[in-house]
Amino acid sequence: MKNKKVLFLTTANLSIKPRLVKEIKEAQKKYEVHLVSFTIGNWSDSNHRNLADQLNIKNIELSATRNNFIQWLIVTSINKISLLLWPLFKKNLLLTTCASNKKSIILLLYILFNREKYCFANGRNNATLYPVYLLKTIKKTPFIFDVEDYHPCENVSWCNSLNEKMRREILMRNILPNSAYITSASPGIEQKTLDLLKSKINHQIILNSFPMGEFLQPTMNAENHKLKFVWFSLEISKSRGLEILLPALYEFKGDIELTLIGDLNQQFYNDFLVEYKELINFKPPMSQKKMHRKLIDFDIGLALELSDIDLNKQLALSNKIYAYTQAGLYILATDTLAQKQFIEEAPERGIVCGQTIVSMKKTLLQMIKNKEKIRANAVKRYNNAKSLAWENERVKLSEIWANIKTNH
């Protein structure tokens, strides 16, 4: 039985964090894994518990809902007071984290009363940053922080965005230099983080790729049927690039098929999608493995990130762009900085398109004309993508963990 324990902390859950699932599976080879996560109050909660059971980890679920009213009242009060005081005490890291995110407060309370000892802790998002730092402070537990997204530049429209950006920068700048290692999900996110810190720190890029065994090798299909497009996400909703895509696709409706996979937002359907329903095949959310095997049915994967959402979208590379690549699909990617760089590194992966309907139409026409070539190169793209596979990334993780100096 493994006697070395490691702790992963996230304010989300396994169902919506495939990167976390992959890392936990790798950690289980050497450690007993404990996970602290949050119930979200939707379909993902039950999926999370199923995944946790399958992984056979110690699953500690916290809640930020009003179901535990006393906890909610205490945490909300601390958050409100912290927001009022923060402009006067911006250098106070505890006050900064309490003002930044209520879930941080819940995590801090958990850590203060948890007696377990860990080889190391792994923080997964902004609200876990001070909690893992507290573990290092009071228990000498080294920590890794995964910068999957560049948190200061995420969309935080629910609050004073300038103040929240400043709080996140303060936390990252003052806490990350105390980490044993930071990992990043893309070159752009890594560079932006290092520019913020301006100090030497151990760092490594861990791609958002997947095991190659989850994908089927494409088959040569010479039939002269429509070009098949696919897009998937947890939710089919607004501001995801579909507003640009569908008006452009409509002009070529005789030459294409579009499948959208995810939980359909009914309001978005009523407001926008209904006008284009004849173009779309809707599919409900499916498991990661089923999704990846389903991709063999398509020609084109859509990576429709929008630069005007937030700067993080410019820097990030999504799970889906790796899934498309590893499945051998040809990618239609909007021209965010990260996606443009990804396609330019290996032009056979796909094509980059501007974020307008006019630009989308031009690109779609070009792809329809090159349909046979796109299909003919599918196996080549699939084989080339093996260099990106999770099998390579997990080796980096194992080396990081092996090099952490621990007292436990």
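Pull out a ≥ b ≥ c, the square roots of the eigenvalues of the alpha-carbon gyration tensor of the stretch 286-334, then state rounded if a/c is under 1.5, prolate if not and a/b is larger than b/c, and oblate in the remaining case. It is prolate, given that a/c is not under 1.5 and a/b is the larger ratio. With only the Cα atoms considered, the stretch 212-388 has a convex hull volume of 107 Å³ per residue. Dimensions of the stretch 325-366 from C-alpha coordinates, computed as largest minus smallest value along each principal axis and given longest first, are 28, 21, 13 Å. Taking only the Cα atoms of the stretch 1-158, the radius of gyration and Dmax are 15.7, 50 Å.
Fewest Cβ neighbours within 10 Å first, please rank Glu164, Glu23 accordingly. Write down the numbers at each step before the final one.
Numbers: Glu164 20, Glu23 25.
So the ranking, lowest neighbour count to highest, is Glu164, Glu23.
Taken over the C-alpha atoms, the chain has Rg and Dmax values of 22.1, 68 angstrom.
Just to verify a number: FRET efficiency for Leu112 and Gln341, C-beta to C-beta distance, R0 = 41 Å, to 0.05? Kindly include the intermediate steps, with their values, before the conclusion.
Numbers: r = 43 Å, r/R0 = 1.04.
Between Leu112 and Gln341 the formula returns 0.45.
The trypsin sites (Lys or Arg not before Pro) found in the stretch 181-262 that occupy coil by DSSP, while having at most 11 further C-beta atoms within 10 Å, are Lys198, Lys200.
This model, with +1 at the C-beta of Lys and Arg and -1 at the C-beta of Asp and Glu, gives the stretch 355-396 a dipole about its Cα centre of some 180 debye.
Between 0 and 90 degrees, the angle of helix 129-139 with respect to the longest Cα principal axis of the chain falls at about 40 degrees. Taking the average, over residues, of other Cβ atoms within 10 Å as the packing measure, peptides 269-282, 136-149, 377-390 rank 136-149, 377-390, 269-282 from highest down. Remark: for residue pairs Lys58/Lys80; Lys17/Lys283; Lys228/Lys294; Lys103/Lys320; Lys226/Lys373, the C-alpha separation exceeds 24 Å in Lys58/Lys80; Lys103/Lys320.
With θ taken as phi - 60° and the Karplus curve 6.51 cos²θ - 1.76 cosθ + 1.60 applied, the whole-hertz 3J(HN,Hα) list for the stretch 385-395 is 6, 4, 5, 8, 4, 4, 3, 7, 5, 5, 5 Hz, x standing for glycine and proline.
When its C-alpha radius of gyration is set against 2.2 N^0.38 Å (N residues), the stretch 130-202 gives a value of 1.12. A straight line joining the Cα centroids of the stretch 4-47 and the stretch 182-254 runs 22 Å. Within the stretch 121-254, the percentage of alpha carbon pairs spaced more than 25 angstrom apart rounds to 49%.
Helix 161-175 and the longest principal axis of the C-alpha atoms of the chain enclose an angle of approximately 60°.
With viscosity set to 0.890 mPa s and temperature to 25 °C, compute the Stokes-Einstein D of the stretch 39-84, Rh being the Kirkwood radius across alpha carbon pairs; µm²/s, no decimals.
On the way: Rh = 12.5 Å.
The Stokes-Einstein estimate is 196 µm²/s.
Relative contact order for the chain: 14 percent, from Cα pairs under 8 Å spaced at least 6 residues apart, divided by residue count. The fraction of all Cα pairs in the stretch 90-179 landing in successive 5 Å bins from 0 to the largest distance is 3, 14, 27, 26, 18, 8, 4, 1, given as whole percents.
Each Lys and Arg adds +1 at its Cβ and each Asp and Glu adds -1 at its Cβ; summed about the Cα centre, the chain shows a dipole of about 1420 debye.
Each of Val75, Val230, Val358 was scored by other Cβ atoms within 10 Å of its Cβ. Arranged with the fewest first, they read Val358, Val75, Val230. Cα axis of helix 357-369 to longest principal axis of the chain: angle in degrees, 0 to 90, nearest 10? Tilt relative to the chain: about 60 degrees. The residues Thr193, Thr219, when put in order of fewest to most other Cβ atoms within 10 Å, stand as Thr219, Thr193.
Here the dipole of the stretch 212-388 is about 560 debye; that uses its Cα centre as origin and unit charges on the Cβ of Lys and Arg (positive) and Asp and Glu (negative).
Readers should treat all values here as calculations from the given coordinates under stated rules, not as data from a laboratory. None of these values were measured; they are calculated from a predicted model. All Cβ positions, even for glycine, are placed from backbone atoms using ideal geometry, and neighbour counts span all protein chains on display.
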